[in-house]
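Structure first, then comments.
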Amino acid sequence: MSGQSLAMTHVPGAKRHSPPPAWRKPVLMGAPLVLLLVAFLVFPVGQLLALSVYNGQGFTLAPYAQLFASSLYVTVLWITLKISLATTLVAVVAAYPVAYLISIAKGPAKSRLIFWVLLSFWTSFLVRAFAWVVILGRNGVVNSTLMSLGIIDSPADLLYGFGAVLVGMVHAMLPLAVMTMLAVMENIDRTLPRAAGTLGAKPGTAFWTVYFPLSLPGVAASAIMVFVSAIGFFIVPALLGGRKETMITQLIIDQVQQTLNWGLAGAISVLLLTVVLVVFVLYDRVFGFASLTGESAVVRNRDTAMRRLGGRVLAALGSASDALIGLMPRRHPLRGRAERPLALTAFVWLLLVLISLPAFLMIPLSFGKGGLAWPPSGFTLQWYQQLLDSPIWMQALWRSIVVAFGTGLLSMAIGVPAAFLMVRGRMRGKGAMLAFILSPIVVPRMIIAVGMFYVFAQMGLVGTILGLVIGHTVVAVPYVVMTMMAVLRNYDTRLDLAAQSLGARPLAALRHVTFPILGAGMLSSFLFAFATSFDELTISLFSSGGLSATLPKQFWDEVTLQVSPVIAAVSTGLLLFVATLIFVADRLRRRSLAG
Amino acid sequence: MSSSSLSVQGLAKRYGDFVALAPTDLVVADGEFLTLLGPSGSGKTTLLSLLAGLVPPDEGSVRIGSQDVTYAPPYERDIGVVFQNYALFPHMTVEENIAFPLKMRKVAAAEAKRRAGEALEMVHLPHIAGRYPRELSGGQQQRVALARCMVYKPSIILMDEPLGALDKKLREHMQLEIKRLHRELGTTVVYVTHDQEEAMTMSDRICLMNAGRIEQLGTPADLYFRPRSLFVADFLGESNILPAALRGRSGDEVEIGLGTLGVPGRALANGNDLPPGSEVRVMVRPQNLTVARGAGNAVGGLQGRVSEVMVTGSLTKVYMEPLDGKLPPLVAAFPTRNETDAVRIDDVLTLSWSGRDAVVIADMTADRARAAGTA
Ligand SMILES: Nc1ncnc2c1ncn2[C@@H]1O[C@H](COP(=O)(O)OP(=O)(O)O)[C@@H](O)[C@H]1O
Ligand SMILES: [Mg+2]
């Protein structure tokens with residue numbers, strides 16, 4: 001009976017559409033990324049961790065015995081935590097007004113603010129850390145300025161201490177903190193503080209009782225991103241810190257590069273990873289991971305003492321700010337009301353100038369005859385000449401560009417389908433899969449880099465372009481997925497359905513409707529991956545091999561061995577490159593929006 | 001209903017060169033329900049935001065009661081605003097949302113809780129106090145927004161398309177609710193909508209806006225039966241607008257001749273005192289036309305051929321092409337009856353009306369605008 005009716009409805013000549021198996025599409029979209037991460041993240045990190053309990057013959061706990069035999073490692077871990085926490089605290093507090101101002105600014109003012117944050121964000125960590133060496137050095141900017149003003153007689157020791165490390169770390173992390181917070185702040189409904197106003201809340205109270213609680217998930221997301229990045233960071237403590245500011249990642253480098261003690265490297269990694277995981281689990285308990293991708297967090301606690309206390313504190317802060325605002329003279333509250341508070345704007349611009357300035361100091365130095373001492377004297381192009389004549393630098397530049405392109409392309413090829421799957425797919429375990437995809441951000445970069453080096457060495461991938469592209473893709477692809485997910489969430493899927501109803505097959509709809517509209521988002525994803533690779537040092541430190549350095553590796557070797565003004569010339573070039581990249585990306589984005 | 005609770009003088013707002021609100025005067029009586037009606041972009045939200053103090057005006061003044069609040073911030077005006085998307089605070093429970101304005105007014109916590117409970121009862125939602133806004137349906141969110149606004153008894157409540165996001169049935173229900181609350185509380189309400197039916201059902205007076213200015217201000221019946229411009233006639237409900245020449249005058253009615261044939265008819269003068277011979281427009285609502293079968297010879301009859309018949313439920317609408325080709329198409333409406341005497345396409349009908357149901361419209365601005373638009 002049913003067979004008959006089927007036969008009757010079957011139009012002769014029309015293609016039969018049997019439904020494709022439901023699992024096929026999600027698997028095709030998600031598998032490449034999952035495979036990549038399993039092969040080049042889970043496996044290498046697992047190997048490294050295994051090395052801490054397996055010495056080639058059998059099970060051993062010797063590395064752990066070594067780890068806890070002296071107080072050295074625990075002390076270093078403690079220092080690492082201290083520096084990371086201090087960095088997080090200062091960076092998040094400083095980032096808040098910047099992100100807030102950007103979120104309420106409009107038009108060209110907003111674009112200008114974002115440009116300066118992005119410029120710092122993308123300016124190489126190395127350039128920025130090195131700039132502080134020049135600023136704080138014995139013949140540096142600060143010392144020579146203070147001496148010429150007669151405030152001090154002999155140069156003060158500003159470098160190689162906790163203060164220098166903190167300054168460098170905050171400077172390195174501030175743009176990241178701003179960008180993470182901004183993602184949440186942009187999603188806060190602007191009518192809410194205004195509604196509070198109509199209900200009787202003065203501006204200060206409206207801010208502290210309505211806006212601020214809504215921005216907290218952004219603060220939390222930003223704090224954890226900064227903390228995790230800081231805890232695995234070694235550039236700043238290595239360049240700006242003394243012995244007492246050694247961070248735990250530096251110990252791992254020592255074990256791998258000098259002592260060749262893989263077991264101990266593994267054990268230290270276990271220690272580091274445990275700390276990070278504990279922090280993340282706590283974070284997930286309180287805020288949920290969803291807030292990391294810009295979604296508003298779910299409020300979990302209904303009526304706890306904590307919540308009531310928080311409410312009281314915020315109300316008190318509100319009244320205090322209103323009292324402060326009330327002290328300022330005002331003529332007509334509405335007529336005299338500036339679009340943005342003047343003091344806030346001034347503070348934010350001061351901050352932006354401060355975080356941009358260090359890199360810009362490289363420009364005059366790169367043209368000066370006097371080396372890296374401040375103030376620069378004379379004018380010469382000799383450092384640029386040396387740079388262009390140096391085959392090592394030129395090859396490093398070329399290798400970096402090739403690797404960055406490869407990383408951008410590979411990340412897009414496997415990251416974009418995964419992002420589609422994450423946003424549009426309906427399947428179980430999506431949350432777990434997202435957590436897995438984002439895990440390269442969670443696992444400290446140093447652990448990934450060392451594990452990868454171990455595995456690459458066995459596969460003969462050390463020193464190859466392919467190895468670097470794979471390595472960089474592992475750390476860049478989460479950003480591609482995150483950016484694309486944000487873009488896709490704002491994309492109206494009915495447009496695809498409309499295209500299909502007009503006769504476009506799925507691929508044609510993708511090509512003619514989806515991609516053109518998503519173009520700007522895809523471009524920024526690509527650039528994100530490109531820039532991540534272009535500035536990647538940790539993986540390249542090991543896996544680029546001795547003779548085939550990338551640009552950051554070459555930079556690193558140079559600044560750790562000898563400091564020459566050529567570095568200033570390279571820094572100037574990188575700064576220019578990044579500024580151009582941001583400018584072009586912004587232009588393209590605007591054109592695609594207008595078109 | 002006598003003292004004015006809100007008055008606006010010469011209030012204007014520009015964005016660059018664009019005039020969002022031309023200088024406007026408006027007086028709202030105490031306890032009145034006034035609706036700002038108009039097409040999208042006509043300046044309703046702009047006017048409302050100026051009243052609320054959410055944007056500063058370029059010129060003019062706003063008084064609430066006896067106080068000049070032109071430049072006062074929102075929190076110093078005794079107003080309540082219901083926003084289109086409700087603007088409930090997502091991080092506060094329903095109860096906390098409703099208690100928020102009380103807290104701002106330093107009402108003791110226990111008292112605030114009690115009053116929030118009362119407000120929730122007023123909107124028939126006593127059981128949801130502990131929930132968060134996103135756990136509510138659209139209609140419930142709407143009620144909570146109302147409760148939050150009423151709980152501190154502001155002297156004026158401003159609402160910007162508060163029912164815009166709800167479906168038709170819920171919307172009609174909420175219209176009744178808002179009317180009930182208005183009656184019970186006696187608060188002055190300024191209500192924004194672009195839905196003319198909503199405006200007609202709810203308002204004491206309607207302020208019809210167009211392109212940043214007030215087109216006409218009056219009771220729903222004023223606007224519906226005595227529109228002063230073609231725009232008003234057009235905007236509120238369906239209408240027949242016929243070109244006519246004035247013939248004579250008797251009391252508040254005029255005699256007119258319609259179309260090329262000069263078919264005689266009568267209409268209310270509607271306050272104009274144009275001399276005989278003037279060209280005017282005459283408006284008749286479809287349901288006020290009497291339809292007779294065949295080319296009857298009744299005086300004052302317009303003849304037309306049926307081009308379309310539509311049963312819209314309680315009303316049947318008949319669209320006709322007048323036999324006098326100079327006249328625009330006509331529409332008549334009458335209660336739907338069981339198909340005993342059905343009108344069919346191509347039937348010829350004769351239309352007539354009482355002089356009390358037709359009005360003269362002397363202002364032709366919209367007509368000219370329309371002509372310019374097609375030119
Ligand atoms: N902040 C603004 N900047 C520029 N133009 C605006 C702004 N707000 C409103 N307008 C313009 O003013 C006109 C009236 O807007 P509005 O009062 O919101 O209309 P309505 O609420 O009647 O739909 C619209 O054309 C709108 O584009
Ligand atoms: Mg509006």
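One table, with the values for the structure above:
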read-out	value
Hz values of 3J(HN,Hα) by residue in segment A:122-132 - Karplus curve (6.51, -1.76, 1.60), Gly and Pro given as x	8, 5, 3, 3, 5, 4, 5, 5, 4, 4, 5
Within the accessible area of segment B:4-230 (1.4 Å probe), percent carbon and sulfur	52
Relative contact order for chain A, counting Cα pairs under 8 Å that sit 6 or more residues apart, in percent	20
Span from the segment A:392-449 Cα centroid across to the segment A:542-591 one, whole angstrom	21
Cα-projected label distance for B:K169 with A:Y54, points at 7 Å along beta-carbon direction, nm	6.5
Distance (nanometres) between label positions extended 7 Å along Cα→Cβ at A:A109 and A:F347	1.6
Cα centroid of segment A:183-250 to Cα centroid of segment B:131-204, whole Å	38
Low-density loop cleavage sites - chymotrypsin sites (Phe, Trp or Tyr not before Pro) in segment A:354-452, where at most 12 other Cβ are within 10 Å (DSSP)	A:F379
Listed pairs B:K153/B:K179; B:K179/B:K317; A:K110/A:K553 exceeding 23 Å between Cα atoms	B:K179/B:K317; A:K110/A:K553
For segment A:500-520 versus segment A:359-387, the gap between their alpha-carbon centres in whole angstrom	51
Probe 1.4 Å, protein heavy atoms only - accessible area per residue of segment B:4-230 in square angstrom	39
Partners for A:K82 among aspartates and glutamates (Cα-Cα distance below 17 Å; same-chain residues under 8 apart left out)	A:E245
Spatially proximal lysines relative to A:K106 (Cα-Cα < 29 Å; intrachain offsets below 8 disregarded)	A:K202, B:K13, B:K44
B:V282 long-range amide H proximity, modeled H, under 5 Å	B:L242, B:A244, B:I361
All lysines inside 26 Å of A:K25 as judged from Cα atoms, apart from same-chain residues fewer than 8 positions distant	A:K15, A:K430
5 angstrom amide H check on B:L125, placed H, neighbours 5+ away	none
From phi via Karplus (6.51, -1.76, 1.60), per-residue ³J(HN,Hα) for segment B:66-71 in Hz, x at Gly/Pro	9, 9, 7, 10, 3, 10
HN-Hα J in Hz across segment B:24-38 - Karplus 6.51, -1.76, 1.60, θ = phi - 60°, x for Gly and Pro	10, 10, 6, 10, 10, 7, 4, x, 7, 10, 10, 10, 8, 10, x
For the protein assembly as shown, size of Cβ-based charge dipole, Lys and Arg +1, Asp and Glu -1, in debye	1320
Total formal charge among the other residues, if their Cβ is under 14 angstrom from that of A:L547, Lys/Arg +1 and Asp/Glu -1	+1
For segment A:117-274: rounded, prolate or oblate by the Cα gyration tensor [a/c cutoff 1.5]	oblate
Solvent-accessible area buried by A and B, counting both chains, probe 1.4 angstrom, square angstrom	2700
At most 13 other Cβ within 10 Å, DSSP loop - trypsin sites (Lys or Arg not before Pro), segment B:104-210	B:R105, B:K106
Chain A - percent of accessible surface contributed by carbon and sulfur, probe 1.4 Å	68
Gyration tensor verdict on segment B:236-361 (Cα atoms; rounded if a/c is under 1.5, prolate if a/b is larger than b/c, oblate otherwise)	prolate
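The values are calculated or read from the model by the stated rules, or taken from the named source; none is laboratory data. Computed from a prediction, not measured in an experiment: that's the story for all the values here. Here the Cβ is made from the backbone with ideal geometry for all residues, glycine too, and neighbour counts use every protein chain on show. Side chains are part of the model used for accessible areas, which takes the heavy atoms of the whole protein and leaves out ligands, DNA and RNA. Shrake-Rupley method; radii C 1.70, N 1.55, O 1.52, S 1.80 Å.
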